[in-house]
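Take a look at the structure below.
The values are calculated or read from the model by the stated rules, or taken from the named source; none is laboratory data. What you see is a predicted model; the values in this text were computed from it and never measured. Note: ideal-geometry Cβ built from the backbone for every residue, glycine included; neighbour counts use all protein chains shown.
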Amino acid sequence: MQDAIALNATPSAVSAQQEQTRALIRAMLTLTALSASALARDAGLTPSTLNRFMHQPVRHTLSQRTLLTLMITTFRRMKAQGISALDAGALSVIAPVLPVFERAILDQAPDAERVLKEIKLRTGAGLGPHARNDKGPTQLRDLAVVTTTTLGVDVAAMSFDKAPLTTQRPPFLADDAHAFAFLLTDASMTPRYDAGDMLYVSPAREVAGDYIDVVVDRKAGGFLLARLVRTSDTTVTLHKIQTPEAFDMPRAEIRGLYRVVGVQRLGA
């Protein structure tokens, strides 16, 4: 799995997402009292994985799989310590992303359940949607995944039961209940995106400005990924990288127009 990148209109938005991830890593280092190299080694990762990301300019952030591996290692170390002795500031950084990783942490390290509950109680986060109770575990809904041919999905109504796939919710969409993902199955946006890339889409984000990437929900069914060139009262002008000309789509044919805010690249 490649690194998940948060996208917005400017490179500074990607930098902001990188810094959010770095803050999460710094919190893990504080809670485990390990260096970046030592935490990586404990997690079975190459030390350069963290050192390069933490200390050098990079064009990516860490993948969900890498973050999950680091979180599991962190919780395994914390369970041996009293929660009251742990740094409160570091715990406050960890707490907001727990709903994203909690189910996977409990699946792979079930003995971390007590630590998870204590952290949420201490930070005021309460028991999240993955907390286990007498009726067993409940789950925060993963992101629905649609493709160009997906039918029966109504994004505006948050009706995703007919979506063919789901994928793990990335940290930067932890609080976005309306978000979904789009799986690119062709080369129509190469070299910007490759077939197999997973794009994250947020209906909560404003579709404003020209030359931003959008997913179009068509009234006739199916979805379309394109660059938004311009809009008018009657038409939306779009461009697919592999076609030389932009094209107009009547607004009457569009049920929704949603902004792409992130990408999970295909490959290792």
* Among (1) farther than 27 Å from residue 102 by Cα; (2) touching a Leu at 6+ places or on another chain (Cβ under 8 Å), which single condition is residue 202 missing? -> (1)
* Asked: Looking at 247, 180, which one is of a type in the set (Phe, Trp, Tyr), outside the structural domain of residue 20 (by TED's automatic domain parsing) and closer than 28 Å to residue 18 by Cα?
  -> 180
* Structure fact -> Counting only residues in segment 186-202 that are of a type in the set (Ser, Thr, Tyr) and at pLDDT 85 or above, the one surrounded by the most Cβ atoms within 10 Å (Cβ to Cβ) is identified as 200
* Asked: Going by the structure shown, is residue 139 surrounded by fewer than 17 Cβ atoms within 10 Å (Cβ to Cβ) and at pLDDT 80 or above?
  -> no
* **Qualifying residues in segment 159-185 (those that are out of contact with any strand residue (DSSP E or B) (no Cβ under 8 Å at 6 or more places or on another chain) and surrounded by 14 or more Cβ atoms within 10 Å (Cβ to Cβ)) - the one farthest from residue 219 (Cα to Cα)** => 171
* Identify, from the list 217, 194, 186, the residue that is among the charged types (D, E, K, R), within 16 Å of residue 149 (Cβ to Cβ) and not in a strand (DSSP E or B). => 186
* Just checking, which of 115, 145 is of a type outside the set (D, E, K, R), at pLDDT 75 or above and part of a strand (DSSP E or B)? -> 145
* Residues in segment 253-265: is at least one more than 22 Å from residue 167 (Cβ to Cβ) and not hydrophobic (A, V, I, L, M, F, W, C)? -> yes
* To do: Examine segment 196-204 for a residue that is out of contact with any strand residue (DSSP E or B) (no Cβ under 6 Å at 6 or more places or on another chain) and at positive phi, and state whether such a residue exists.
  => yes
* Asked: Any idea which of 255, 205, 230 is in a loop (DSSP other than H, G, I, E, B) and either of a type in the set (Asp, Glu) or surrounded by fewer than 18 Cβ atoms within 10 Å (Cβ to Cβ) (or both)?
  -> 205
* Only residues that are closer than 20 Å to residue 62 by Cβ and not charged (D, E, K, R): list them for segment 155-192, please. => 167, 168, 170, 171, 172, 173, 174, 179, 181
